[in-house]
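Enquirer: Here you go, one structure.
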Amino acid sequence: MTTVTDDFDILGMTLAEYAAARGTHPQAVRGDYARRMRHGLGLSVPALTRRDDDAGVTKFCLPAGLHAGRALESESVIIPMNSYRGTSWYTLCLSSQVGCRMGCTFCETGRMGLLRNLSAAEIVRQRVVARQLMLGGRPLPKGHFHYFGDGIQNIVFMGMGEPLDNFDAVVQSIRVLSEPAGLNFPHAQITVSTVGRIDGLRKLAALNWPNLRIAISLNAPNDQLREQLMPVNKGMPLADLQRALLEYPLARKGLFLIEYVLLKDINDALEHADQVAAWCRPLRCVVNLIPYNPQRDAPFATPSDDTVLRFLRRLRTHGIFVKRRVTQGRDLMGACGQLGNAEVRRASREGRRAVTTGCTAPAGGADRGPGTVRGSQTSPRSLRT
C-alpha cells in the first residue's frame with residue numbers, strides 16, 4: 001500500500017475535517033486549506049508512473065499501491081471538448097478503483113477484476129495532478145479563484161472502477177472536490193457513471209444532491225442480453241433500475257445520461273433501438289451512443305458508421321434525445337472501456353487461477369452479491385438476442 005503523509009491526507013478532507021484534524025476552528029485554517037487545495041502550496045503528490053499524449057488527449061497514471069507483488073496505478077484522462085458554438089474546454093475522467101468487479105464483458109477494466117479501491121484522497125489527487133499538467137508548472141491566474149482556472153470544466157467518474165461499488169470514498173471525494181473553501185467544483189459539473197447499482201443509487205438519492213449528474217451504462221435493451229454482457233443485471237434487472245431512476249431526486253431541469261456502447265451484430269439492430277426507446281421513454285434523459293472501442297484480446301467489433309447513424313435516427317423517430325459520443329484517446333487506450341494495465345490484468349488472472357485450482361466455488365468466493373460475478377469471454381454469435 002502507498003504511504004499516507006499529512007500532505008496527502010488533506011486531499012481527502014473538507015475544510016471542517018482538516019480543521020478538526022488540526023484541533024482548531026475552520027476559520028483558523030481556512031487560508032492554509034485554500035492555499036494547499038487551490039494552489040498546491042505545501043502539497044506533495046507522487047510522480048507520474050506513465051503519461052501518454054495524442055491529439056490533445058492526455059492519459060496519466062499515478063502509483064496506487066501493490067497487488068500480488070506488482071505495482072498498481074490509477075489511470076486518468078484529460079479530454080479536450082468543443083461545442084458547435086465554437087467554445088472549448090476540458091473534461092477530466094477519474095478512476096475510483098484499480099480494476100472493477102462488475103465483470104462487463106466488453107470492458108478492459110472489467111476483465112481485470114477488482115484489485116483495489118482508491119481512497120478519497122487518491123481520487124482527489126487525480127484532479128490536483130491534472131491541474132499541474134494543464135498549467136505546466138505555471139501558477140493559477142491571479143485574482144478571484146475559479147474552479148475552471150486550468151481549463152477543466154467537467155469531472156466524470158468514468159475511468160477505472162464502478163464508483164458506487166466504492167461508495168464512501170467516492171462520496172467523500174465529491175465533498176472535497178466541491179468544498180467551497182477549496183477546489184469548489186460544482187455538483188452540476190460532476191458526473192457519476194454507474195452500471196446500475198440500484199443500492200448505490202438509492203444511497204446517493206438519500207444525500208439529496210439533485211444537481212449531481214448521473215450516467216447509467218445501459219448497453220443492452222432487454223434483460224436476456226444485458227445479463228450476458230453485464231452480470232450486474234442478474235440481481236438488478238432493467239425494470240428495477242428504471243424504477244430507481246424514476247424515484248431519484250433529479251434537479252428540475254436535470255437529465256440522466258444513458259450510455260449505450262454499440263457492439264457489432266450484438267446490440268446494434270433497429271429492434272434494439274426500439275427497445276432502448278421504450279425503456280427510456282418514462283425517463284428524463286439523453287442517450288449517448290458510443291461505438292465500441294477495440295481492446296486487447298476481446299471478441300467484439302465496432303459497428304460501421306452507417307449502422308451507428310441508423311440506430312441514432314431510429315431513436316430520434318421515437319422522440320428520444322440522443323447524441324453520438326466522439327471517440328478520443330483510442331490510440332493511447334484512453335477511450336471509453338479501454339482503461340486498464342494489461343500486464344497487471346494478466347498477473348491478476350494467473351493469481352486467480354492459482355487460488356481456485358481444485359475449488360468448486362467461482363474465483364473471488366461463492367458468496368458474492370448481485371452483480372459481482374465476473375463475465376466470461378463469450379462469443380459474439382452466442383450473445384445475439
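Enquirer: Long-range amide H contacts for Ile258: which residues qualify at under 5 Å (H placed 1.01 Å from N, peptide plane, sequence gap of 5 or more or a different chain)?
Expert: Ile216, Val286, Val287, Asn288
Enquirer: Which value results for Rg/Rh of region 67-215 when Rg is the Cα radius of gyration and Rh the Kirkwood radius based on the inverse mean 1/r? Could you put the intermediate results ahead of the total?
Expert: Details: Rg = 15.8 Å, Rh = 16.2 Å.
That ratio is 0.98, to two decimals.
Enquirer: Next up: Specify whether the C-alpha gyration tensor of region 146-296 places it in the rounded, prolate or oblate class, a ≥ b ≥ c being the square roots of the eigenvalues: rounded for a/c under 1.5, otherwise prolate if a/b is larger than b/c and oblate if not.
Expert: Prolate is the answer for region 146-296, as a/c is 1.5 or above and a/b outweighs b/c.
Enquirer: Please report the antiparallel percentage of the DSSP beta bridges confined to region 45-356, to the nearest 5.
Expert: Expressed as a percentage, antiparallel bridges in region 45-356 total about 50.
Enquirer: Given the pairs Lys59/Lys142; Lys142/Lys253; Lys253/Lys323, which are separated by over 26 angstrom at their Cα positions?
Expert: Lys59/Lys142; Lys142/Lys253
Enquirer: If you take the square roots of the eigenvalues of the alpha-carbon gyration tensor of region 231-332 and sort them as a ≥ b ≥ c, do you get rounded (a/c under 1.5), prolate (a/b over b/c) or oblate?
Expert: It comes out prolate by the Cα gyration axes.
Enquirer: Shifting gears a bit: Which order do the peptides 211-220, 144-153 take when ranked by the mean count of other beta-carbon atoms within 10 Å per residue, highest first?
Expert: The packing order, highest mean first, is 211-220, 144-153.
Enquirer: Something else about it: Remind me, relative contact order of region 45-356 in percent, using alpha carbon pairs under 8 angstrom and six or more residues apart?
Expert: Computed value for region 45-356: 17 percent relative contact order.
Enquirer: Let me ask something else. Amide H neighbours of Met158 under 5 Å, at least 5 residues apart or on other chains, H built in the peptide plane: list them.
Expert: For Met158, whose amide H was placed from the backbone, the distant partners under 5 Å are Leu94.
Enquirer: In whole Å, how far is the Cα centre of region 170-191 from that of region 21-83?
Expert: Cα centroid to Cα centroid, the span is 14 Å.
Read the figures in this text as sums done on the coordinates, not as results from a lab. On a predicted model such as this, the values are computed, not experimentally measured, just so you know. Note: ideal-geometry Cβ built from the backbone for every residue, glycine included; neighbour counts use all protein chains shown.
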